[in-house]
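*Asks:* What follows is a structure written as C-alpha cells; I'll ask about it next.
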Amino acid sequence: MSDKIRIGLAGLGTVGATVASRLLQGAVPRAKLVAVSARDAKKDRGVDLSAIDFVADPLALVSHPDVDVIIELIGGESGTALDLVEAALKAGKPVVTANKAMLAAHAAALSDLSVGGNVPLAFEAAVAGGIPVIKTVREGLAGNDITRLCGILNGTCNYILSRMEAAGLSFADALKEAQELGFAEADPTLDVSGADAGQKLAILSALAYGVAPDMDNISVTGIEAVTAADIAFAEEFDSVIRLVGTAARVGAGSNGGVYHSVEPVLVKKSQALAQVLNELNALSITAEPLGAVMLQGPGAGGGATASAVLADIADIAAGFGRPLFDVAVSEMTESASQNAPASEYYIRLALADRPGSMAKATQILAENGVSIEEVVQRSSESDDSYLPVVFITHQTENASLNAALAALEKQSEICNAVLALPVFAD
Ligand code: NDP
Ligand code: HSE
C-alpha cells in the first residue's frame, strides 16, 4: 500500500456522490479516491470526477491494481452489491458499506468471509445514518451488559410522521418530500413497511447481544395504516406517533431471550422520542452497570450517511478496521421467539353509527380482559355510517389484545378498520 489508502467507490447516488466530494476535498487525509463506478458514466453528480478513473463494471474495482479498499454504495439486498462485497473480501480488500439490507440478509456468508479471512467489513453508515451507533454499541459500551436498545431507526418514516403532524401533509406528499430529499430507499416500501428499521435492529442486536440476524424473529409493522385521523387523535392524548424499534432482553434461563419489534407507537409529547423530528434518528441504550445512554442525530441523507462512511474509511486508513462481527454468525445465539410484553394500547376503530355499537365493542374488550382507561369518539367527515372511536387501554397482555382484535374484526356490522398501537413506555 502507498502511504494513503486508495479508494475504489461503487455507487455515485445520494450517498456515493457526497462521499466522493468529501474525499476529493481531503476529508480523510490518509485516503485517496482513485476509481469510481456507477451505471451512468455521463450523469452530472455535482462533483468533478474527471481526474478519477471510471470503471463500468463495479467488480473491476476489486482487481483494479491501484485500489486498496472498496466502498459499496450501490444498495440492494443481493445482486451487484453482494457480488462486489464478496469478491472484495475474498481478495482480502477491506470493504466499507452502508447496505443494511445486504448485511441483514447475508450476515452468515459475509461474516464467514470477513471474520474467517480477518478482512475488515465496516458498516457504521448502515444503522442510524450519521449517528455513531455501531461504534458506541461495539466499542464505547464494551464493558457493559446491554439490556435494551430502543429507538427511531428510519428517517423516512420519521419524516413522514413529523410532516403529517406539523404541516398536515398527506402520507403520499410527505413520502414524496422524503424521496426528493434523498432519505428514502430506492424502493420506499422498505422504509414504510418497517423492513429497513428491522434490518438495522437485527444488525444492532447481533452486536449488542450476540444474536444472529434473523428477520423472521423480528415482529415488524410499518406505518402504512397510520392515518391523518390517528395523528389528530394522538394530539388529543398529548402524544405523537413514531416508528420505534426495540430489542430487549426478556425472561430468564430457558424462558429468556431477546424480544425484537418494529412498530408504530403512541409517544407522549413529554417523552424524549417525541422530540425527534423529521429525518432525525435516536437510539436509547440501557446498559448495566452504566445506565441509560441516548444518541440522537441525522439518520438519513447524503451528508449524514457520508459522515459515517468517511469515519469507517478513516478507521481503515489508521489500521483500526474490524471484521463484520467479532464472531462468526454460526457461533451466535439463535434468537428465541418471544411474545410482545404487556402494554397499554391505543385502539382505533370505526363504529357503526347506531344504538348498541359502542356497548358491543366495549363488551368484546371486557370479555377478552382488555380494560379501558379513556375513550374518544368523533363524527366522521367522510363516512357518516361509521364513526371513528379511540380507546386507550390499561396495561394489557398481548394475547388478550390479539383475541379482542380478532373478535372485533369479526363484527363487520358494528366496526371496521381496527388499528392497535402500543403506548410507549420509557
Ligand atoms: P442511490 O439510489 O441514490 O444511488 C445508488 C448508486 O448506485 C447510483 O449511483 C447508481 O448508479 C449506482 N448503481 C446502481 N446499480 C448499479 C450497478 N449495477 N452497477 C454500478 N452502479 C450501480 O442510493 P443511495 O445513495 O441513497 O444509497 C446507497 C446505499 O446507502 C444503499 O445501500 C442505502 O440503503 C444506503 N443508505 C442510504 C441512506 C440515505 O439516506 N440515502 C442512509 C443510509 C444508508 P447511477 O447513478 O448511474 O444510476
Ligand atoms: N431509507 C433510510 C431511512 C436511509 O430513511 O432511514 C437511512 O438508512
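The values are calculated or read from the model by the stated rules, or taken from the named source; none is laboratory data. Everything quoted here is computed from the prediction, not taken from an experiment. Methodologically, a virtual Cβ is constructed for each residue, glycine included, from the backbone with ideal geometry; neighbour enumeration extends over all protein chains shown.
Results for (1) assigned to a helix (DSSP H, G or I); (2) within 13 Å of ligand 2 (Cβ to nearest atom), shown as yes or no for each residue.
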residue	(1), (2)
LYS176	yes, no
PHE183	no, yes
ALA186	no, yes
ALA197	yes, yes
LYS200	yes, yes
LEU207	yes, no
ALA232	yes, no
ALA247	no, no
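*Asks:* A further question follows. Residues in segment 180-190: is at least one away from ligand 1 (no atom under 16 Å from the Cβ) and under 29 Å from VAL258 (Cα atoms)?
*Replies:* No: segment 180-190 contains no residue that is away from ligand 1 (no atom under 16 Å from the Cβ) and under 29 Å from VAL258 (Cα atoms).
*Asks:* I would also like to ask the following. Filtering segment 135-157 down to residues that are away from ligand 1 (no atom under 12 Å from the Cβ) and part of a helix (DSSP H, G or I), which residue is nearest to GLN199 (Cα to Cα)?
*Replies:* CYS157
*Asks:* Suppose the filter is part of a loop (DSSP other than H, G, I, E, B) and β-branched (Val, Ile, Thr); does VAL327 pass it?
*Replies:* The answer is yes for VAL327.
*Asks:* Next question. Please state which of the following conditions LEU387 fails to meet, knowing it meets all the rest: (1) modelled with pLDDT of 95 or more; (2) within 21 Å of GLU236 (Cβ to Cβ).
*Replies:* Just one mismatch for LEU387, condition (1).
*Asks:* Taking LYS42 and the conditions (1) within 14 Å of ligand 1 (Cβ to nearest atom); (2) in contact with a Leu (Cβ under 9 Å, 6 or more places away or on another chain); (3) assigned to a loop (DSSP other than H, G, I, E, B), which numbered condition does it fall short on, given that it satisfies the others?
*Replies:* (2)
*Asks:* May I pose another question? Exactly one of these conditions fails for GLY75: (1) within 16 Å of the chain's Cα centre (by Cα); (2) within 30 Å of PRO289 (Cα to Cα). Give me its number.
*Replies:* Of (1) within 16 Å of the chain's Cα centre (by Cα); (2) within 30 Å of PRO289 (Cα to Cα), only one is false for GLY75: (2).
*Asks:* Would it be correct to say that ALA229 is in the same structural domain as ASP145 (by TED's automatic domain parsing) and more than 23 Å from GLU331 (Cα to Cα)?
*Replies:* yes
*Asks:* Could you give every pair whose Cβ atoms fall below 9 Å, whose first residue belongs to segment 392-412 and is at pLDDT 95 or above, and whose second residue is aromatic (Phe, Trp, Tyr), counting only separations of at least 6 or pairs across chains?
*Replies:* ILE392/PHE237; ILE392/TYR345; ILE392/TYR346; THR393/TYR345; THR393/TYR346; THR396/TYR345; LEU401/TYR345
*Asks:* Another question, then. Consider GLU224 carefully, then state whether it is part of a loop (DSSP other than H, G, I, E, B), surrounded by fewer than 21 Cβ atoms within 10 Å (Cβ to Cβ) and more than 15 Å from the chain's Cα centre (by Cα).
*Replies:* Yes.
*Asks:* Scan segment 92-111 and tell me whether some residue there is over 17 Å from LEU207 (Cα atoms) and part of a helix (DSSP H, G or I).
*Replies:* No, segment 92-111 has no match at all.
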